[in-house]
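The next block holds one structure in the form of structure tokens; read it before the comments.
The values are calculated or read from the model by the stated rules, or taken from the named source; none is laboratory data. Please read these numbers as outputs of a predicted model, since none were measured by experiment. Methodologically, a virtual Cβ is constructed for each residue, glycine included, from the backbone with ideal geometry; neighbour enumeration extends over all protein chains shown.
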Amino acid sequence: MTDITEVSKQAWNSIKLDTQPDYDSLVRNFVLELEQRAQAVIDTGIAEEGESYVAKFDQAVKGLINGNAPQAMAMAAEIPEDVKEELIEEEAEEKPKKKPRKPKVIKVAATRGRATTTKRPAPKPVAKKK
């Protein structure tokens, strides 16, 4: 696999975020930058390290030229139905069933035009000391 455009395309599509456009929808200048980075990685075999998109792209290109598919492009094996059923059963066992809560009813008492929600009596006046 030495076609630089194809390598760049596969590497970009494997590292891009869901919100980012596919390789075919990228601005031409950005495509050229990606192809230059891919060519540099192919020529030197050195990929930038880190978590930036540039480093991830370099690592994806290096993986492609070494025959290792990037992580995002790797196909996962299908999970057998019996294993799926077991996982669902285990999940159901782990979650305790909660009883539905009854709504609290707040009664409002009307007292001389004022509504209160407490059952405490109003404070009594205190005589002042001389």
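Restricted to segment 39-53, and to residues there that are among the β-branched types (Val, Ile, Thr) and surrounded by 15 or more Cβ atoms within 10 Å (Cβ to Cβ), the residue that is farthest from residue 17 (Cα to Cα) is 42.
I want to confirm something. Restricting to segment 65-79 and keeping residues that are within 18 Å of residue 5 (Cα to Cα) and within 26 Å of the chain's Cα centre (by Cα), which single residue is modelled with the highest pLDDT? This residue is 68. Across segment 1-15, the number of residues qualifying as outside any helix (DSSP H, G or I) and either among the acidic types (Asp, Glu) or surrounded by 13 or more Cβ atoms within 10 Å (Cβ to Cβ) (or both) comes to 1. Just one residue in the set 57, 30 is aromatic (Phe, Trp, Tyr) and surrounded by 14 or more Cβ atoms within 10 Å (Cβ to Cβ); that residue is 57. Within the option set 58, 82, being modelled with pLDDT of 75 or more and not in a loop (DSSP other than H, G, I, E, B) holds for one residue only, 58. For residue 18, the requirement of being surrounded by fewer than 10 Cβ atoms within 10 Å (Cβ to Cβ), among the acidic types (Asp, Glu) and not in a helix (DSSP H, G or I) is met. Of all the listed residues (92, 38), the sole one being among the small types (Gly, Ala, Ser), assigned to a helix (DSSP H, G or I) and either modelled with pLDDT under 75 or farther than 17 Å from residue 3 by Cα (or both) is 92.
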